[in-house]
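Each value in this text was obtained by applying a stated rule to the coordinates, not by laboratory testing. Everything numeric in this text was worked out from a predicted model, so none of it was measured. As a convention, Cβ positions derive from the backbone with ideal geometry for all residues, glycine included, and neighbour counts pool all protein chains shown.
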Protein chains: 2
Amino acid sequence: MRHRLASKKAVVLLSGGLDSATTLFLAKEKKYDVTCLIFDYGQKHRREIISAKLIAKKAKCDFKLIKLKMPAIASSLLDKKIKIPEAHFSGRIPSTYVPARNLIFLSIAASFAESIGVDSIFIGANAIDFSGYPDCRAQFFTSLNKTIQVGTRAGVEGKGIKILTPLIKKSKKQIVKLGLKLGVPFELTWSCYKGAKIPCGICESCVLRQKGFIENYLIDPALSS
Amino acid sequence: MRHRLASKKAVVLLSGGLDSATTLFLAKEKKYDVTCLIFDYGQKHRREIISAKLIAKKAKCDFKLIKLKMPAIASSLLDKKIKIPEAHFSGRIPSTYVPARNLIFLSIAASFAESIGVDSIFIGANAIDFSGYPDCRAQFFTSLNKTIQVGTRAGVEGKGIKILTPLIKKSKKQIVKLGLKLGVPFELTWSCYKGAKIPCGICESCVLRQKGFIENYLIDPALSS
């Protein structure tokens with residue numbers, strides 16, 4: 001039984017932030033043999049790629065770096081002419097939104113998974129303490145799973161490929177708590193959109209991250225390391 | 001009215017084959033202002049990219065060449081170690097199937113369309129005289145349209161982005177007939193998977209193409225040019 005569990009294979013999308021790192025360690029705890037996909041897509045915070053590689057190594061996982069030239073850069077996360085905004089949580093989708101990013105990443109992940117015979121793809125998306133990105137919500141993943149089912153050989157002739165979102169309903173507080181339990185090296189993770197030497201503390205990603213630590217009465221280890 | 005029609009914008013996926021060329025000329029006839037997306041994804045028949053560029057120029061359209069390194073090459077269309085098979089139409093998906101190809105292409109097209117404010121994406125997929133690729137069937141596009149609706153800002157806050165498949169129910173005979181009516185420069189199109197100097201005539205793509213011309217009592221102009 002143990003051997004069968006150990007032979008499960010998964011692809012994990014790893015950005016280098018705390019959500020994806022927690023997801024990776026969760027997949028490892030569930031005995032998946034994991035290959036991480038790390039995307040270099042022109043993000044200002046390329047600093048996260050270094051974190052992602054370190055986290056993959058810490059988890060003793062293979063990783064594959066995918067270099068991707070986004071077809072257009074209509075996002076403050078990509079375009080140097082647009083400033084990363086301060087957190088506002090106005091209910092409107094902020095300028096850091098990257099058009100169809102998770103759709104592109106997961107399409108590539110599905111292609112990779114199908115090619116190497118893997119049927120599970122993990123992504124650390126969550127839609128409680130988040131920026132309102134439409135491609136982080138449950139209804140997006142439900143629909144994409146159906147699309148992959150009807151649009152791939154694995155779905156039509158085999159048992160299919162499934163995108164798994166174990167954090168989707170978790171708050172940042174719960175994610176940090178889970179990560180602590182799983183031994184996630186939070187000191188290696190990177191969340192700040194600005195990607196300078198130290199986190200800015202005021203972008204939406206920084207604010208959400210701090211919420212997770214503060215609500216657990218903790219100091220973010222990335223700030224003290 | 002004419003002016004309003006002229007301001008409609010679309011993205012057309014242009015491979016350089018007869019289906020995508022016919023789709024491009026159909027979009028032009030419908031007065032769309034078109035940007036073509038041409039993908040260089042490691043296909044053996046890179047020859048088609050030259051055709052695609054010539055066709056875009058002939059149609060007086062802008063084009064954008066997207067270079068894409070596929071995450072794995074589990075396809076005879078990409079892997080030099082696997083031979084392109086002869087046409088067999090066995091009902092099984094042939095080795096020329098590229099895992100999640102249309103999903104990747106259309107995800108990138110959706111990102112591009114959303115970034116530049118375009119709401120229509122044309123693809124020349126058809127599922128009558130075809131190789132049984134799951135991502136060429138109507139149910140795939142229906143599902144992907146829903147996924148794009150729930151997964152993009154355009155879908156959530158705007159009027160959305162729609163993938164249009166005007167050839168989906170057409171036979172090759174009908175596509176060639178339509179292309180002739182629209183003035184498609186068939187002599188510039190390229191279909192053969194092998195991508196040598198002249199079409200092999202025996203791969204599935206060649207055989208389907210010839211079916212289209214023969215059923216219209218025509219000689220393929222690409223053979224005589």
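Are there trypsin sites (Lys or Arg not before Pro) in the range B:113-217 that DSSP puts in a loop and that have at most 16 other Cβ atoms within 10 Å, and which ones?
Details: sites: B:Arg137, B:Lys146, B:Arg153, B:Lys159, B:Lys162, B:Lys169, B:Lys170, B:Lys172, B:Lys173, B:Lys177, B:Lys181, B:Lys194, B:Lys197, B:Arg209, B:Lys211; in loops: B:Arg137, B:Lys159, B:Lys169, B:Lys170, B:Lys194, B:Lys197.
Loop-located and lightly packed - B:Lys159, B:Lys169, B:Lys197.
In what sequence do B:Leu218, B:Leu106 fall when counting other Cβ within 10 Å, fewest first? Intermediate results must be reported in sequence, preceding the final value.
Values: B:Leu218 13, B:Leu106 32.
Placing the least packed residue first, the sequence is B:Leu218, B:Leu106.
Within a Cβ distance under 11 Å of B:Leu182, other residues only, what is the Lys/Arg minus Asp/Glu net charge? Could you put the intermediate results ahead of the total?
Details: positive: B:Lys28, B:Lys30, B:Lys177, B:Lys181; negative: B:Glu29.
That sum, taken over residues with Cβ under 11 Å, equals +3.
If you average the C-alpha positions of the range B:138-171 and of the range A:160-189 separately, how far apart do those two centres end up, in angstrom?
Spelled out, the Cα-based centre of one part sits 31 Å from the other.
Considering only the other residues whose Cβ falls under 10 Å of the Cβ of A:Pro199, what net charge follows from Lys and Arg at +1 and Asp and Glu at -1? Don't skip to the answer; put the middle values down first.
Values: positive: A:Arg47, A:Lys194, A:Lys197, A:Arg209; negative: A:Asp220.
Neighbour charge sum, excluding A:Pro199 itself: +3.
Compute the Rg/Rh shape ratio of the range A:2-224: radius of gyration over Kirkwood radius, all on alpha-carbon atoms. Present the calculation step by step, with values, prior to reporting the outcome.
Numbers: Rg = 16.8 Å, Rh = 17.7 Å.
Ratio of gyration radius to Kirkwood radius: 0.95.
Using the 7 Å Cα-to-Cβ label point, sort the distances from A:Ile93 to its equivalents in the other copies shortest first and give them in nm to one decimal.
Nearest to farthest, the other copies are at 2.8 nm.
Tell me which residues come under 5 Å, amide H to amide H, from B:Ile66 once H is placed; ignore anything under 5 positions away on its chain.
B:Ile38, B:Phe39, B:Asp40
Using a 10 Å cut-off around each Cβ, can you sort B:Val98, A:Val118, A:Val12 from fewest to most neighbouring Cβ atoms? Don't skip to the end; give the middle numbers.
Values: B:Val98 25, A:Val118 21, A:Val12 29.
Exposure proxy ranking, most exposed first: A:Val118, B:Val98, A:Val12.
Given only helices, namely DSSP H runs of n ≥ 4 each adding -39500 (n - 2.57), what is the per-residue ellipticity at 222 nm of chain A, to the nearest 500 deg cm²/dmol? Each step should come with its number before you reach the end.
Details: 9 runs with 90 residues, N = 225.
Value at 222 nm, helices only: -11500 deg cm²/dmol.
For B:Glu157, go 7 angstrom from Cα along the Cα-to-Cβ vector, then report the distances to that same point in the other copies in nm, smallest first.
Going from nearest to farthest copy, the values are 4.3 nm.
Apply the Karplus parameterisation 6.51 cos²θ - 1.76 cosθ + 1.60, with θ equal to phi minus 60°, to every residue of the range A:156-171 and state each ³J(HN,Hα) to the nearest whole Hz, in sequence, with x for glycine and proline.
So the J values, rounded to whole Hz, are 7, 9, x, 8, x, 10, 10, 8, 10, 10, x, 9, 3, 9, 8, 7.
For B:Ser224, place a label point 7 Å out from Cα along the Cα→Cβ vector, do the same in each other copy, and report the separations in nm, one decimal, smallest first.
In ascending order, 8.2 nm.
Quick one: which residues, 5+ away or cross-chain, put their amide H under 5 Å from the amide H of A:Lys194? H built at 1.01 Å from N.
Excluding prolines and chain starts, which carry no amide H, the hits are A:Cys200.
Can you list the HN-Hα couplings for the range A:32-46, worked out from phi with the Karplus curve (6.51, -1.76, 1.60; θ = phi - 60°), rounded to whole Hz and with x for Gly and Pro?
Values, residue by residue: 7, 8, 9, 10, 8, 10, 10, 9, 10, 10, x, 5, 4, 8, 4 Hz.
Sequence gap of 8 or more, or different chains, plus Cα separation below 26 Å: how many lysine pairs satisfy both in the range A:57-163?
Taking the range A:57-163 as the scope, the lysine pair count is 19.
Which values of log₁₀ I(q)/I(0), to two decimal places, follow from the Debye formula for the protein assembly as shown at q = 0.06, 0.12, 0.14 Å⁻¹ with a uniform point scatterer at every Cα?
Cα-only, vacuum Debye calculation for the protein assembly as shown: -0.28, -1.00, -1.28.
Give, as a single signed number, the net charge of other residues whose beta carbon lies under 12 Å from the beta carbon of B:Leu144, with Lys and Arg counted +1 and Asp and Glu -1. Write out the running numbers ahead of the final one.
Values: positive: A:Lys146, B:Arg137, B:Lys146, B:Lys162; negative: B:Asp135.
Counting the neighbours of B:Leu144, the net charge comes to +3.
Just to be sure I understand the model, the point goes 7 Å from the Cα along the line to the Cβ. What's the resulting A:Ile198 to A:Ser224 distance in nm?
Going by the 7 Å Cα→Cβ label model, 1.5 nm.
Which residues' amide hydrogens lie under 5 Å from the amide hydrogen of A:Ser120, considering only partners 5 or more residues apart or on another chain, with H built in the peptide plane?
It is A:Val11, A:Lys162, by chain and number.
What's the average, rounded to a whole number, of partner chain beta-carbon atoms within 10 Å of each residue's beta-carbon in A:190-200? The partial results should precede the final answer.
Numbers: counts 0, 0, 0, 0, 0, 0, 0, 0, 0, 0, 0.
Average neighbour count from other chains, rounded to a whole number: 0.
Percent relative contact order of chain B, based on C-alpha pairs within less than 8 angstrom and at least six residues apart?
Working: 412 pairs, mean separation 54.4, N = 225.
Averaging sequence separation for qualifying contacts and normalising by length gives 24 percent for chain B.
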